[in-house]
Amino acid sequence: GAVVSQHPSWVICKSGTSVKIECRSLDFQATTMFWYRQFPKQSLMLMATSNEGSKATYEQGVEKDKFLINHASLTLSTLTVTSAHPEDSSFYICSAPQQGLGNTEAFFGQGTRLTVV
Amino acid sequence: GENVEQHPSTLSVQEGDSAVIKCTYSDSASNYFPWYKQELGKRPQLIIDIRSNVGEKKDQRIAVTLNKTAKHFSLHITETQPEDSAVYFCAASRGSTLTFGKGTMLLVSP
């Protein structure tokens with residue numbers, strides 16, 4: 001299957017700093033990528049849809065100024081958590097859809113464990 | 001938008017037993033229903049999927065059934081093994097956006 005690479009896999013940062021997470025589709029182009037947040041033992045919560053060459057679409061309740069998304073190329077989307085606080089600590093995971101025969105399969109990055117201290 | 005409900009949230013079985021996880025969806029236009037397995041700290045991996053023009057699909061010990069009229073679909077795992085222990089997510093899709101259920105933590109005891 002297709003490969004989606006996410007970097008870094010884990011990061012620890014101080015409160016008030018910003019953290020950038022990268023999501024790359026390695027062997028296919030993705031005009032759309034999705035960013036999820038996952039709390040321990042909970043489901044994947046869609047935060048935003050990243051659109052290549054245009055603004056991201058944010059889900060209700062997600063602050064666009066806090067979670068900056070940039071999708072500058074067909075293979076790269078970035079999520080920047082700005083002015084991070086301890087409550088932003090979570091597992092962030094991206095996915096990129098690849099169109100198959102009659103359906104679209106989602107391929108996930110390996111996730112980023114963010115800890116804000 | 002789409003809403004996906006998944007039950008149960010946790011499921012404990014003995015090795016060799018069967019496990020069934022059920023999901024319902026709200027958008028009748030959804031036409032693709034994948035199931036993902038996520039091991040602790042790892043990315044979700046697709047294990048099986050079904051499209052709306054099919055009622056059942058099987059792959060070795062895993063099967064999925066779909067009832068379009070009732071808008072529900074289920075995952076069936078037979079002869080469970082300890083390595084089946086993980087969190088399983090159902091999802092419903094129309095186009096490229098997936099809506100996930102809340103997940104089921106499956107624990108298979110030896």
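Here are the numbers:
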item	result
In the range A:32-43, residue surrounded by the fewest Cβ atoms within 10 Å (Cβ to Cβ) [restricted to those that are within 9 Å of chain B (Cβ to nearest Cβ) and out of contact with any Phe, Trp or Tyr (no Cβ under 8 Å at 6 or more places or on another chain)]	A:LYS41
Matching residues in the range B:15-41 - criterion: being within 14 Å of another protein chain (Cβ to nearest Cβ) and exposed (fewer than 13 other Cβ atoms within 10 Å of the Cβ)	B:ALA29, B:GLU39, B:LEU40, B:GLY41
For A:LEU46: the one exception among (1) closer than 21 Å to B:VAL87 by Cα; (2) surrounded by 13 or more Cβ atoms within 10 Å (Cβ to Cβ); (3) over 11 Å from the mean Cα position of the chain (by Cα)	(3)
Matching residues, the range A:22-31, being open to solvent by 30 Å² or more (accessible area, probe 1.4 Å) and in contact with a strand residue (DSSP E or B) (Cβ under 8 Å, 6 or more places away or on another chain)	A:GLU22, A:ARG24, A:LEU26, A:THR31
Matching entry among B:SER52, B:SER93 (being out of contact with any Cys (no Cβ under 9 Å at 6 or more places or on another chain), closer than 24 Å to A:TYR92 by Cβ and open to solvent by less than 60 Å² (accessible area, probe 1.4 Å))	B:SER93
Residue match in the range A:92-111 (condition: away from chain B (no Cβ under 13 Å), polar (S, T, N, Q), open to solvent by less than 10 Å² (accessible area, probe 1.4 Å) and on the phi < 0 side of the Ramachandran plot)	no
Residue within the range B:91-101 that is away from chain A (no Cβ under 14 Å) and touching a Ser or Thr at 6+ places or on another chain (Cβ under 6 Å) present	no
Spans of strands (runs of 3 or more DSSP E) in the range A:54-116 with at least 1 residues touching a residue at least 60 places away in the same chain (Cβ under 8 Å)	A:76-81, A:90-99, A:104-108, A:112-116
Scan of the range A:8-21 for residues that are within 13 Å of A:THR78 (Cα to Cα) and surrounded by fewer than 17 Cβ atoms within 10 Å (Cβ to Cβ), ordered by number	A:PRO8, A:SER18, A:LYS20
Verdict on B:LYS57 being within 14 Å of chain A (Cβ to nearest Cβ), touching a residue at least 60 places away in the same chain (Cβ under 8 Å) and of a type in the set (Lys, Arg)	no
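The values are calculated or read from the model by the stated rules, or taken from the named source; none is laboratory data. These numbers come from a predicted model, not from an experiment. Positions of Cβ are generated from backbone atoms using ideal geometry, with glycine treated the same way; all protein chains shown enter the neighbour counts. All accessible areas refer to the heavy atoms of the entire protein, side chains included, with ligands and DNA or RNA removed. Shrake-Rupley method; radii C 1.70, N 1.55, O 1.52, S 1.80 Å.
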